[in-house]
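What follows is a short report on a single structure.
The values are calculated or read from the model by the stated rules, or taken from the named source; none is laboratory data. Just so you know, these numbers come straight off a predicted model, no measurement behind them. Using ideal geometry, Cβ is built from the backbone for each residue, glycine included, and neighbour counts are taken over all protein chains shown. To get the accessible areas, we keep the full protein, side chains included, count just its heavy atoms, and leave off ligands, DNA and RNA. Shrake-Rupley method; radii C 1.70, N 1.55, O 1.52, S 1.80 Å.
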Number of protein chains: 2
Amino acid sequence: MWNYKTPGIPDEEFERTEKVPITKEEVRTIQISKARLKPGQTVYDIGCGSGSISVESALQVESSGKVLAIDYDQNAVDLTKKNAKKFGISNISAIFGNAKEEISKLEDADVIFVGGTGADTKEIVELAENKLKSRGRIVIGIILIETLYSVLQVLDKLQFEAVDITQVTISKSRKTTTGTMMLARNPVTIISATKI
Amino acid sequence: MWNYKTPGIPDEEFERTEKVPITKEEVRTIQISKARLKPGQTVYDIGCGSGSISVESALQVESSGKVLAIDYDQNAVDLTKKNAKKFGISNISAIFGNAKEEISKLEDADVIFVGGTGADTKEIVELAENKLKSRGRIVIGIILIETLYSVLQVLDKLQFEAVDITQVTISKSRKTTTGTMMLARNPVTIISATKI
């Protein structure tokens, strides 16, 4: 359970499995904020990994809303279900499959998160545009330079406005025997936009 | 008005005045998340500047909670009141004065934000510890190396646990005539901790 209204659940509160990635607390918090969530919304979490964005989104859209989480790794789907249960959440549906095939079967969305999809991201953004309601928000988390380039190219051609590109670099402290040092994490680029 | 549940109001939604600083959207979002807010809480925003953290906090603690914003610059106090009004918020009290004198007059707090206080930060953290309820959260936004050092020194001596040090570096895109470049902002260090 998470007894607070604010997003930003500490990473260590989530169940983890080897090889299934998690969107870390601070980057996740910014992604959730860029999505502009409210009760009653329908959210996709494409490439849900550990389900941390699904859990935070489900808390924001409340029981009147829902989260449709998709991953092509069965371990990720299982872990997302486990984390939904851990946080006492019943409005997440975790779907195993290829997002490119699954998206067309889903109801229209108010918010779509895209992450962890690598080479497919450009295609998924195109499909997502189709399923987003007018004024809906897309939030894409990107690590690869190639993905960043291809998403920027495709966004220009689609019905999006207010495109925001934010690169986030987080460092966290570690105590050494002689003091406190900062350990850098890799930069993540978050692209967000509003469907026209 | 902000019609969403998630924090992270875009900077341009706030009224601004020359020389009064604002905690920018992404850093503000992380600070709010580290505070772990919920309805009914009492929050101090020490060095409130434009009032952006006060506004976001007031929305999270809802009308059953309250925000006590303090600044020694009358322009900041006026601007915080203006922003509270702009967002239709009535549970912010903006107080003009020196935080070191004002804090003792306030009721105990669940969450204390400290920012923009420069050389006084160490002393304010000591006073804040006194006013924080048990399990309350402190969140300190720091730009100066000297402040970072002195706050770390003092935190060790006070009744705090789960001390988290997160450095955040944000870059934002700008369109040039030939493409998209990233413009770096200065790093901000956020220290958060729980009162024992």
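Can you spot a residue in the range A:164-173 that is open to solvent by 80 Å² or more (accessible area, probe 1.4 Å), in contact with a helix residue (DSSP H, G or I) (Cβ under 8 Å, 6 or more places away or on another chain) and within 21 Å of A:Val27 (Cβ to Cβ)?
Our first condition is that a residue be open to solvent by 80 Å² or more (accessible area, probe 1.4 Å); within the range A:164-173, this holds for none.
No, there is no match, as no residue in the range A:164-173 is open to solvent by 80 Å² or more (accessible area, probe 1.4 Å), in contact with a helix residue (DSSP H, G or I) (Cβ under 8 Å, 6 or more places away or on another chain) and within 21 Å of A:Val27 (Cβ to Cβ).
Test A:Ile70 against the stated conditions and say whether it is within 11 Å of the chain's Cα centre (by Cα) and aliphatic (A, V, I, L, M). Taking the combined requirement at face value, the residue satisfies it.
Considering only the range B:11-30, state which residues are within 14 Å of chain A (Cβ to nearest Cβ) and either open to solvent by 10 Å² or more (accessible area, probe 1.4 Å) or of a type in the set (Val, Ile, Thr) (or both).
Of the range B:11-30, the ones within 14 Å of chain A (Cβ to nearest Cβ) are B:11-13, B:23-30.
B:Asp11, B:Glu12, B:Glu13, B:Thr23, B:Lys24, B:Glu25, B:Val27, B:Thr29, B:Ile30 - these are the residues of the range B:11-30 that are within 14 Å of chain A (Cβ to nearest Cβ) and either open to solvent by 10 Å² or more (accessible area, probe 1.4 Å) or of a type in the set (Val, Ile, Thr) (or both).
Of the residues A:Ala119, A:Ala128, A:Ala184, A:Ala193, the single one that is at pLDDT 95 or above and closer than 25 Å to A:Gln74 by Cβ is A:Ala128.
Scan the range A:165-185 for residues that are in a strand (DSSP E or B), more than 8 Å from chain B (Cβ to nearest Cβ) and in contact (Cβ under 8 Å) with a residue 12 or more places away in the chain and jot them down.
Within the range A:165-185, the subset in a strand (DSSP E or B) is A:165-175, A:180-184.
Filter again for more than 8 Å from chain B (Cβ to nearest Cβ), leaving A:174-175, A:181, A:183-184.
Correct list: A:Leu183, A:Ala184.
Looking at B:Ser90, B:Ser134, B:Ser104, just one residue is in a loop (DSSP other than H, G, I, E, B) and open to solvent by 30 Å² or more (accessible area, probe 1.4 Å), and that residue is B:Ser90.
Looking only at the range B:107-114, decide whether some residue is of a type outside the set (Lys, Arg), within 14 Å of chain A (Cβ to nearest Cβ) and without any contact (Cβ under 8 Å) to a residue 24 or more places away in the chain. For the range B:107-114, residues of a type outside the set (Lys, Arg), within 14 Å of chain A (Cβ to nearest Cβ) and without any contact (Cβ under 8 Å) to a residue 24 or more places away in the chain: absent.
If I ask for residues that are touching a residue at least 24 places away in the same chain (Cβ under 8 Å), open to solvent by 10 Å² or more (accessible area, probe 1.4 Å) and in a helix (DSSP H, G or I), which ones from the range B:54-77 would you list? The answer is B:Leu59, B:Asn75.
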